[in-house]
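In what follows, a structure is listed as structure tokens, so that the remarks can point back to it.
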Amino acid sequence: MDNSEIIKLIESSNSRLFKESIILEQMKKGNDIFFKGLSFAYNKLLTFGVKQLPVAEKNGQGLDWIEFSKICEKLIKRELTGHAARDQIIILKDKSYKDEWNFFYRRILQKDMRCGLSERTVNNVAKKNNYEQFIIPVFSCQLAQDCELHKKKLNGKKSLEVKLDGVRAVTVIYPTGKIDMFSRNGKELNNFNHIKDEISKTFNISSIKEALVLDGEIVSDDFQTLMKQIHRKKSSQNKDAKLFLFDLLPLEYFKKGIYEKSYFSRIEELKKIHERFFVQSHVINIIDSVNVDLDTEKGEIEFKNFNKNSIINGYEGIMIKDPESFYECKRSTTWLKSKPFIEISLEVKDYEEGTGRNKGKLGAIIAEGIDEDKNFKTNVGSGFTDLQRKEFWEDKDKLIGQIIEIRADSISKSQDGENWSLRFPRFKSFRGFDKKEKL
């Protein structure tokens with residue numbers, strides 16, 4: 001059975017156990033080429049820089065794995081780009097058997113084997129059965145814990161940062177000049193070339209001897225616009241987006257999962273890089289930090305004021321970091337996040353019936369109103385109990401005009417560009433007994 005037939009077989013069933021049994025069978029057979037192909041496809045740090053991949057319509061004489069893998073390496077290093085890369089891929093396609101290309105080689109270059117596998121599935125089988133040689137590196141970056149769950153950690157010296165309402169961006173800069181950008185889950189971010197171009201233009205890449213990881217957040221005018229940009233399949237560029245940096249480390253240690261250098265030292269190094277290369281840039285920024293000692297009264301006051309000012313200035317929350325902590329590619333209590341919620345009262349303008357298990361019950365309330373000189377319009381579909389959904393729907397006509405109190409994470413501009421909306425709105429209560437009454 002060739003590798004394309006193995007992919008077809010895995011694709012033929014939705015059963016996880018079935019897929020794992022096929023994976024284990026190939027491990028026992030020592031099918032190195034198959035697993036090298038999976039590693040090319042699922043190791044998110046390996047990018048090929050190609051978008052359009054032709055489909056094979058007829059059989060060639062067959063493509064040797066060594067020839068294919070050499071081209072992969074050139075694509076990864078960007079020794080092959082543009083028309084030269086396109087032409088070489090067409091040559092590979094024409095050499096391949098039709099199914100060999102369409103189900104194996106082409107899907108590797110697509111970075112998706114499209115058969116219900118992930119690197120974690122492969123790794124689970126490898127670890128359980130002592131086939132460590134087939135383990136695929138898993139992309140991960142440092143993530144924060146919720147400070148509400150770890151209040152005992154709110155002591156001692158801390159560094160405070162505002163929490164931006166954007167998308168995590170892990171940017172890898174290679175000495176060769178290649179720049180890759182990933183989300184927190186390893187999704188390649190392709191629609192922010194102006195940020196990559198700004199880095200190439202302002203950062204002296206020739207000054208680095210090893211690949212460097214810049215950790216940060218991409219922000220735009222509003223969160224919804226940014227989300228549209230992230231999920232666009234076509235390379236439509238959002239020139240409004242900016243990158244805010246808050247950490248850095250060598251790629252070597254990012255791959256290992258830990259960088260044993262203190263957060264304070266990393267930030268000092270990041271500040272030097274920013275001051276040297278990006279200080280004049282309107283696209284690449286650095287998130288300022290404030291140092292406090294929560295074991296002192298002064299530190300407690302500074303902490304409360306920083307938190308309060310962050311809310312007033314419209315930030316999503318704050319980050320609380322241990323200045324002596326290492327960078328660890330996992331969720332860690334050395335980084336804590338505090339996300340204050342907001343509450344706002346709006347008038348019920350309409351309602352919607354629920355679907356599925358909420359059929360015949362309230363699905364959502366449509367509310368509008370003015371708060372702090374901002375005109376809000378939002379749908380509230382969560383926060384209701386089953387009993388409330390039933391009772392509110394039975395008296396749905398009485399809902400119109402009532403004042404509803406809504407709890408949300410933050411505010412953002414609506415898609416229409418005129419109104420404001422709420423991020424993750426949920427029902428809290430009604431604010432009166434009569435229409436338009438706010439108590």
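The values are calculated or read from the model by the stated rules, or taken from the named source; none is laboratory data. Treat the numbers as computed from the prediction; the structure is a model and nothing was measured. Please note: Cβ atoms are built from the backbone with ideal geometry, for glycine as well, and neighbour counts cover all protein chains shown.
Computed quantities for the displayed model
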item: Residues of region 171-193 that turn out to be under 9 Å from the mean Cα position of the chain (by Cα) and not in a loop (DSSP other than H, G, I, E, B), as a count; result: 1
item: Restricting region 397-430 to residues that are aliphatic (A, V, I, L, M) and in a loop (DSSP other than H, G, I, E, B), the residue that is surrounded by the most Cβ atoms within 10 Å (Cβ to Cβ); result: Leu399
item: Scan of region 1-32 for residues that are under 18 Å from Ile108 (Cβ atoms), surrounded by 14 or more Cβ atoms within 10 Å (Cβ to Cβ) and either among the aliphatic types (A, V, I, L, M) or free of Cβ contacts under 8 Å to residues at least 12 places away in the same chain (or both), ordered by number; result: Ile6, Ile7, Leu9, Ile10, Ile22, Ile23
item: Where Ile33 falls short, out of the listed (1) modelled with pLDDT under 95; (2) under 31 Å from the mean Cα position of the chain (by Cα); result: (1)
item: Matching residues, region 151-170, being part of a strand (DSSP E or B), touching a Leu at 6+ places or on another chain (Cβ under 8 Å) and more than 28 Å from Lys255 (Cβ to Cβ); result: Lys157, Lys158
item: Subset of region 372-390 that is surrounded by 14 or more Cβ atoms within 10 Å (Cβ to Cβ) and among the charged types (D, E, K, R) - its residue that is farthest from Lys349 (Cα to Cα); result: Lys390
item: Enumeration of residues in region 92-144 that are over 27 Å from the mean Cα position of the chain (by Cα), surrounded by 19 or more Cβ atoms within 10 Å (Cβ to Cβ) and assigned to a loop (DSSP other than H, G, I, E, B); result: Ser96, Tyr97, Tyr131
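Table: residues versus (1) under 29 Å from the mean Cα position of the chain (by Cα); (2) within 28 Å of Glu316 (Cβ to Cβ); (3) not assigned by TED's automatic domain parsing to the domain that holds Pro425.
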| position | (1), (2), (3) |
| --- | --- |
| Arg357 | no, no, no |
| Ile366 | no, yes, no |
| Gly369 | no, yes, no |
| Lys374 | no, yes, no |
| Thr378 | yes, yes, no |
| Asp386 | no, no, no |
| Arg389 | no, no, no |
| Ile400 | no, no, no |
| Asp409 | yes, yes, no |
